[in-house]
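Computed from the coordinates by the stated procedures, all read-outs in this text should not be read as laboratory data. What you are looking at is a predicted structure, and each value in this text was computed from that prediction instead of being measured. Every residue, glycine among them, receives a Cβ derived from its backbone with ideal geometry; neighbour counts consider all protein chains shown.
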Amino acid sequence: MVEIVKSTCQMCNRYCGIDVHIENNKMVKVEGMAEHLVSRGGICPKGLASVQYEYDPQRLTHPLKRVGERGEGKWKQISWDEALGITAENLSRIKEKYGAPAICFYKGQGGGWETNWTILRRFMNVLGSPNYSNHSQLCYIPLMMGMIHTIGGMAIPDVENTKCIVLWGFDPFTCCVANYGRRVIDAKQRGAKLIVIDPRFTPAGAKADIFVQPRPGTDGALALGMLNIIINEELYDKEFVANWTYGFDMLKKLAQEYPPERVQEITTIPVATIFELARTYGTVKPACISVGGNGLDQHTNSVQTSRVITNLIAISGNLDVQGGNVMQVPLPKTDLLFKDKLPVGLKAVDKHPLYSELWGVPGPDMLDAILNDVPYSLKALIVMGGDPARALSETERVTKALKKLDFIAVHELFMTGTAELADIVLPASSYFESSNLLTYAYNAAPPVNCNVVGLRKKVVEPPGECHSDLELLLQLAKIMGLGRYFPWNTGEEIFEDILKPAGITIEDLIKHPEGIVKYIPPEKLFKKYEKEGFVTPTKKVEFYSTLYEKYDYDPLPTFDEPAESPYSRPDLAKDYPLICGASIKPVLFTHNQYRTLPWLKRIMPEAWVEIHPLTAKKLGISDGEIVFVESPRGKIKVKAKFTQGIHLDTVYVPHGWGEPYAYGDPDNIITPSFPCEPLSGSTGNRAFLCRIIKDKGKENDKVLRVVG
């Protein structure tokens, strides 16, 4: 007899409801949950293939201890208790010898990110180390910084009530098909205009009323050009600007430096298109801008680009109004971070203080501290649900850094690139094998007038000795003498504590697998600034940032040319004439996961490089031919794929190939690790220089692989 268990998919960071079919205590099928409040029955290919993920034969099921050299692949199977004991012993040894800050915790985008990240930070705070890291300098935090430092919070698009949607570097039809793409189509059917800004002609671009294709990394110049037109044609909200903004005259002066003719030279967008774009956004009211993907994050000018786009939202009268971009009203939750347990004045190893204030140590700063011992040495790394060896740029350099550490423990489902270099590998349970609390503020994009809370319900028992992230953190804390700060025995007890201010219990969530909605009345949702001001030093929208002035960053949202382009590095462009973006993220995969699943592998069996047919013709390359994409850092082997939807001088490769347990070459072999964006540490993964080389035969068939 088949039992259906209702839970939540976490094959990506979108929380879609699922019906899991169980037969003889084993999953046999996964379908979308029709009554789910956000996904409404939608499910993507990853979700459909998730049974194959659960029973992937390459999963780790028992702890492993390294017995050979790092990367040699020699392991001994040990028990969970022994592995945890070795981990605690080494962390305690390093803490005693070098101090707690010598320990760093790296967390990737594993299932249950939000709650697990909270408890991880609590663990590090009571341990006494400010060094918790991630790859988020490439994922959303640069955009978040630009918004928070300009308007004091996040302003999310009110898709349900808008008359104009701008998708800027974001294609919801390939990265969140079960929710956001559908909402955009619903808006178009109501008559809303759709503007898409993207260097690639994406599925979103195919649905657009206006499609705008800038040169990669020049979005900031385009936004300044739009400001130029909106200000000069007086399309801005004069009353709002006069009463609620700081630095308008300085912003106006900056915008005059970006007339449409100059912006055309920088971006390659025709002057007429720039005018059409600015006038449409400036006159169709209300309008909203969505920057929800990573299209603007992975550049060396990402934060200032986010700031100028935020300025566009504010100056046009679309900030915190129905149908515009609405300042988020968070769900009330208990603060479990224990920030006050960190010694006062203790410095993390970051070089980007405004980033670390929000989100810990950027990945590149972690690597610099390991390699250069500045500002002090990192000696131990715990990695949970992530793989810095494949997620961070310049794979060879990352591997060199990891090899230098005294101790590495990895908690994972598979033998990742980082796990290959670890001392202890702990097997992790999948999201089907443990419960977790899900709040839908960012990750599933519900309408702006509500917060949605859900429980990811445990569906099956974990194999072997697999444990969840929360189980590992609670057990490790108790072994290391920190148990008094972790009074819980189960994740459910943690969830209850988090939700107390919201008045929601775990019993409530169990009764409502579709999720619980907390609606926000209009009087508490729109124009909140009229009562409270903005959460900035001036209590206004800061076109001119007093915070950036204090930290000696440019207070105005200036445009800087990408650090590695034909214009900033003409010396490199002589040998590497093409602009490359490691930016294709098919809906089939999430980052570097799921390449082994048969259904998904059948649809996309290998990585490719998108290249314009005319560019390929000059290079003598045929469609489907095997080629090398080479940058100053290395080369990867891929298949040429012709497309007319890109500029002649650009090429694109997918992100996420190259895990040792899967196949292909890591795209981050060729991405740059520096220079970094000055405020966030983001790297230019979506705009760097490369060349395409034909595969001349077996003598050149040796592909650069970076393993231990």
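Work out the length of the dipole vector of the chain about its Cα centre, built from +1 on the beta-carbon of each Lys and Arg and -1 on the beta-carbon of each Asp and Glu, and round it to the nearest 20 debye.
Values: 80 positive and 83 negative charges, 110 e Å.
Dipole about the Cα centre, nearest 20: 520 debye.
Say each of Gln77 and Val271 gets a label point 7 Å from the Cα, pointing the same way as Cα to Cβ; how far apart are those two points in nm?
7.2
With charges only on Cβ, +1 for K and R and -1 for D and E, what is the dipole size of segment 3-54 about its Cα centre, in debye, rounded to 20?
Details: 6 positive and 6 negative charges, 42 e Å.
Once rounded to the nearest 20, the dipole reads 200 debye.
Nothing charged except the Cβ atoms of Lys and Arg (+1) and of Asp and Glu (-1): what's the magnitude of the dipole of segment 570-700 about its Cα centre? Round to the nearest 20 debye. Numbers along the way, then the final one.
Working: 17 positive and 14 negative charges, 61 e Å.
The dipole of segment 570-700 has a size of about 300 debye.
If each residue's Cβ is checked for other Cβ atoms within 10 Å, how do Val374, Val383, Val321 rank with the fewest at the top?
Working: Val374 10, Val383 27, Val321 19.
By the 10 Å Cβ count, ascending, the order reads Val374, Val321, Val383.
Hey, if you put +1 on the Cβ of every Lys and Arg and -1 on every Asp and Glu Cβ in the chain, which of Thr334, Ile269, Asn125 ends up farthest toward the positive end of that dipole?
In the chain, that residue is Ile269.
Sort out for me the Cα centre separation of segment 598-626 from segment 1-44, rounded to whole Å.
Using only Cα atoms to place each centre, the spacing works out to 34 Å.
Each residue of segment 174-184 in order: what ³J(HN,Hα) in whole Hz does its phi give by Karplus 6.51 cos²θ - 1.76 cosθ + 1.60, θ = phi - 60°, with x for Gly and Pro?
10, 10, 8, 5, 6, 9, 5, x, 5, 5, 5
Once you've got the Cα coordinates, tell me which of Lys333/Lys511; Lys97/Lys379; Lys333/Lys500; Lys347/Lys379; Lys400/Lys637 are over 18 Å apart.
Working: Lys333/Lys511 20 Å; Lys97/Lys379 10 Å; Lys333/Lys500 7 Å; Lys347/Lys379 16 Å; Lys400/Lys637 22 Å.
In this structure, Lys333/Lys511; Lys400/Lys637 exceed 18 Å between Cα atoms.
Looking at Pro199, Leu358, Pro101, which one has the Cα that reaches farthest to the positive end of the dipole of the chain (charges on Cβ: Lys, Arg +1; Asp, Glu -1)?
The residue sitting most towards the positive pole is Pro199.
Quick one: Leu138, Leu619, fewest Cβ neighbours within 10 Å first, how do they rank? The partial results should precede the final answer.
Values: Leu138 28, Leu619 15.
Taking fewest neighbouring Cβ atoms as first place, the list is Leu619, Leu138.
Label point 7 Å out from Lys404 along Cα-to-Cβ: which residues of segment 660-697 have amide N under 20 Å?
Counting backbone N atoms under 20 Å from the label point, the list is 669-677, 681-683.
With a ≥ b ≥ c the root eigenvalues of the C-alpha gyration tensor of segment 570-700, is it rounded (a/c under 1.5), prolate (a/b larger than b/c) or oblate? Could you put the intermediate results ahead of the total?
Numbers: a/c = 1.57, a/b = 1.08, b/c = 1.45.
Since a/c reaches 1.5 but b/c is at least a/b, the shape of segment 570-700 is classed as oblate.
How far apart, in nm, are two points set 7 Å out from the Cα along the Cα-to-Cβ line at Arg93 and at Arg602?
Taking the two extended label points, one gets 4.9 nm.
Give me a comma-separated list of calculated 3J(HN,Hα) values for segment 222-228, in order, Karplus coefficients 6.51, -1.76, 1.60 applied at θ = phi - 60°, integers in Hz, x for any Gly or Pro.
In residue order, the calculated couplings are 4, 5, 5, x, 5, 4, 3 Hz.
Work out the FRET efficiency for Lys694 and Val344 from their Cβ-Cβ distance, taking R0 = 60 Å, and round it to the nearest 0.05. The partial results should precede the final answer.
Numbers: r = 60 Å, r/R0 = 0.99.
Between Lys694 and Val344 the formula returns 0.50.
Distance in nm between label sites at Lys639 and Ile22, each 7 Å beyond Cα in the beta-carbon direction?
Rounded to a tenth, the inter-label distance reads 4.0 nm.
Test of understanding: what is the full-extension gain from Ala242 to Tyr663, defined as 0.36 nm times their sequence separation minus their Cα-Cα distance?
On the way: separation 421, 0.36 × 421 = 151.56 nm, distance 5.71 nm.
Taking Ala242 through Tyr663 to full extension adds about 145.8 nm, to one decimal.
Along the charge dipole of segment 570-700, Cβ charges K/R +1 and D/E -1, which of Ala573, Gly620, His655 sits furthest on the positive end?
Among Ala573, Gly620, His655, the one farthest towards the positive end of the dipole of segment 570-700 is Gly620.
If the cut-off is a Cα-Cα distance under 25 Å, which lysines reach Lys193, setting aside same-chain residues fewer than 8 apart in sequence?
Filter leaves Lys163, Lys207, Lys238, Lys285, Lys527.
Just report the Cα centroid separation between segment 316-378 and segment 501-560, whole Å.
Centre-to-centre distance over Cα atoms comes out at 15 Å.
Amide H neighbours of Glu412 under 5 Å, counting only residues 5+ apart in sequence or on other chains, H built in-plane at 1.01 Å?
Those qualifying (amide H under 5 Å, at least 5 residues apart or on another chain) are Leu426, Ala428.
Ratio of alpha-carbon Rg to the 2.2 N^0.38 Å globular estimate for the chain, to two decimals, please.
Working: Rg = 24.7 Å, N = 708, 2.2 N^0.38 = 26.6 Å.
That works out to 0.93 for the chain.
How high is the relative contact order of the chain, in percent, counting Cα pairs under 8 Å that sit 6 or more residues apart? Working shown, then result.
Working: 1579 pairs, mean separation 137.4, N = 708.
The normalised contact order for the chain reaches 19 percent.
Taking θ = phi - 60°, what integer Hz values does the Karplus form 6.51 cos²θ - 1.76 cosθ + 1.60 yield along segment 134-144, in sequence order, with x for Gly and Pro?
With the stated coefficients, segment 134-144 comes to 5, 9, 6, 5, 9, 8, 5, 5, x, 5, 4 Hz.
Counting other beta carbons within 10 Å of each Cβ, put Thr416, Thr643 in order, fewest first. Present the calculation step by step, with values, prior to reporting the outcome.
Details: Thr416 27, Thr643 16.
Final ranking by Cβ density, sparse to dense: Thr643, Thr416.
Pulled fully out, how much extra length does the chain show between Arg262 and Ala34, if you take 0.36 nm times their separation in residues and subtract their Cα-Cα distance?
Working: separation 228, 0.36 × 228 = 82.08 nm, distance 5.05 nm.
Roughly 77.0 nm would be gained on extension.
Considering amide H positions built from the backbone, and no H for Pro or chain starts, which residues 5 or more places from Val326, or on another chain, come under 5 Å of its amide H?
Ile156, Asp158, Asp320
Starting from the amide H of Val361, placed 1.01 Å from N in the peptide plane, find each other amide H under 5 Å away whose residue is 5 or more places distant or on another chain.
Tyr132, Ser133, Asn134
Per DSSP H run of n ≥ 4, the term is -39500 (n - 2.57); total these for the chain, divide by its residue number, and report the mean residue ellipticity at 222 nm rounded to 500 deg cm²/dmol.
On the way: 27 runs with 223 residues, N = 708.
Using -39500 (n - 2.57) per qualifying helix, the result is -8500 deg cm²/dmol.
Just check segment 355-505 against the gyration tensor rule for me: Cα atoms, a ≥ b ≥ c as the square roots of the eigenvalues, rounded for a/c under 1.5, and otherwise prolate or oblate depending on whether a/b exceeds b/c.
On the way: a/c = 1.81, a/b = 1.53, b/c = 1.19.
Because a/c hits 1.5 or more and a/b exceeds b/c, segment 355-505 counts as prolate.
Can you tell me the length gained on complete extension of the stretch Lys524 to Asn372, counting 0.36 nm per residue apart and subtracting the Cα distance? Numbers along the way, then the final one.
On the way: separation 152, 0.36 × 152 = 54.72 nm, distance 4.95 nm.
Once the chain is fully extended between Lys524 and Asn372, it gains 49.8 nm.
If you count the DSSP beta bridges with both ends in segment 570-700, what percent of them are antiparallel, to the nearest 5?
Working: 16 of 25 bridges.
Looking only at bridges with both residues in segment 570-700, the antiparallel portion is about 65 percent.
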